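Single-structure report; data block below.
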Amino acid sequence: MSIKIPFIKHKDKIKEQEQPNELKNVPAHVAIIMDGNGRWAKKRGLPRIAGHNEGVHAVNRVVKAAAEAKVEILTLYAFSTENWKRPKSEIDYIMKLPKEFLHIYLPELMKNNVRIQMIGEFDELPAHTKDAVNYGIEQTKNNTGMLLNFALNYGGRHEITQAIKKMLEDINCSKLSIDQISEDHFSNYLYTKGLQDPDLLIRTSGEQRISNFLLWQLAYTELWFTDVLWPDFNEEVFRKALQDYQNRKRRFGGL
């Protein structure tokens, strides 16, 4: 039996005259835990997949807002290694969303000069999901604007464990000595090799935890939580997070 997903008309666009002053201290790397799709659907008497479907449009809104704000890297927590515990029907639907997202929004990503990347255990994804991700990466590889980094089949503890295994392999092969190991060197074994650590982490839906996301990389990241459910997340909420970030003083353990 097919389930029809109703079209939801949003009224969340900000009028131009309501836009605040230009942001001056924009975080280079923003990470977002996109939470609340299921609760959004439940509040409306809809199946959970309706929330995931609507969440795709929220992704486009935040990508556009981040690119306009001159954010350099936007990392979105799309699917965790723990999410495989969910019902198969829900997982199957989620795994179709990368193709759906690109089908609708790839032209806009190209227009905004956005480049796509993915972190996580790629090989364990369904073939059609891998094909969609590879297509998005290939089509946007020459873009020079913001990096849109999807964390898909990602788990922070698993990432660290895999990094340790790779380091041990290199030590056993005499490619690395124990004396060479440092924090910077260890970072090169993570999925995020070459990427700056997040300056700001946003989590939606009112939950205040990081849920096994970027455990190493978030050591000095500023955290910002909102009660807004992910499908309702829009440019205005994103801008509030950036404005709050501007008022914070990052000392990294110093004075």
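The values are calculated or read from the model by the stated rules, or taken from the named source; none is laboratory data. Computed from a prediction, not measured in an experiment: that's the story for all the values here. Methodologically, a virtual Cβ is constructed for each residue, glycine included, from the backbone with ideal geometry; neighbour enumeration extends over all protein chains shown.
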Looking only at the stretch 218-232, how many residues end up being touching a residue at least 60 places away in the same chain (Cβ under 8 Å) and assigned to a loop (DSSP other than H, G, I, E, B)?
4
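Filter the stretch 1-49 down to residues that are aliphatic (A, V, I, L, M) and modelled with pLDDT under 50 and give me whichever is surrounded by the most Cβ atoms within 10 Å (Cβ to Cβ).
To start, the set of residues in the stretch 1-49 that are aliphatic (A, V, I, L, M) comprises 1, 3, 5, 8, 14, 23, 26, 28, 30-34, 41, 46, 49.
Filter again for modelled with pLDDT under 50, leaving 1, 3, 14.
On the way: M1: 2, I3: 11, I14: 13.
That would be I14.
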Residues being assigned to a loop (DSSP other than H, G, I, E, B) and among the acidic types (D, E) - total across the stretch 166-209
3
Read through the list (1) part of a helix (DSSP H, G or I); (2) loosely packed, with under 14 Cβ neighbours inside 10 Å; (3) touching a strand residue (DSSP E or B) at 6+ places or on another chain (Cβ under 9 Å); (4) of a type in the set (S, T, Y), then give the number of the only condition that T129 fails.
(2)
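Table: residues versus (1) under 13 Å from L148 (Cα atoms); (2) part of a helix (DSSP H, G or I); (3) out of contact with any Asp or Glu (no Cβ under 8 Å at 6 or more places or on another chain); (4) touching a residue at least 24 places away in the same chain (Cβ under 8 Å).
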{"residue": "L46", "(1), (2), (3), (4)": "no, no, yes, yes"}
{"residue": "V56", "(1), (2), (3), (4)": "no, yes, no, yes"}
{"residue": "A65", "(1), (2), (3), (4)": "yes, yes, no, yes"}
{"residue": "K70", "(1), (2), (3), (4)": "yes, no, yes, yes"}
{"residue": "N113", "(1), (2), (3), (4)": "yes, no, yes, yes"}
Taking P107 as meeting all but one of (1) within 27 Å of L215 (Cβ to Cβ); (2) modelled with pLDDT of 95 or more; (3) surrounded by fewer than 21 Cβ atoms within 10 Å (Cβ to Cβ), write down the number of the exception.
(1)
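Suppose the filter is hydrophobic (A, V, I, L, M, F, W, C) and either out of contact with any strand residue (DSSP E or B) (no Cβ under 6 Å at 6 or more places or on another chain) or part of a loop (DSSP other than H, G, I, E, B) (or both); does A151 pass it? Explain how you work it out, then say what you get.
On the way: hydrophobic (A, V, I, L, M, F, W, C): yes; either out of contact with any strand residue (DSSP E or B) (no Cβ under 6 Å at 6 or more places or on another chain) or part of a loop (DSSP other than H, G, I, E, B) (or both): no.
No.
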Residue list for the stretch 156-210, restricted to those being surrounded by 15 or more Cβ atoms within 10 Å (Cβ to Cβ), aliphatic (A, V, I, L, M) and more than 18 Å from E121 (Cα to Cα):
L176, L200, L201, I202, I210
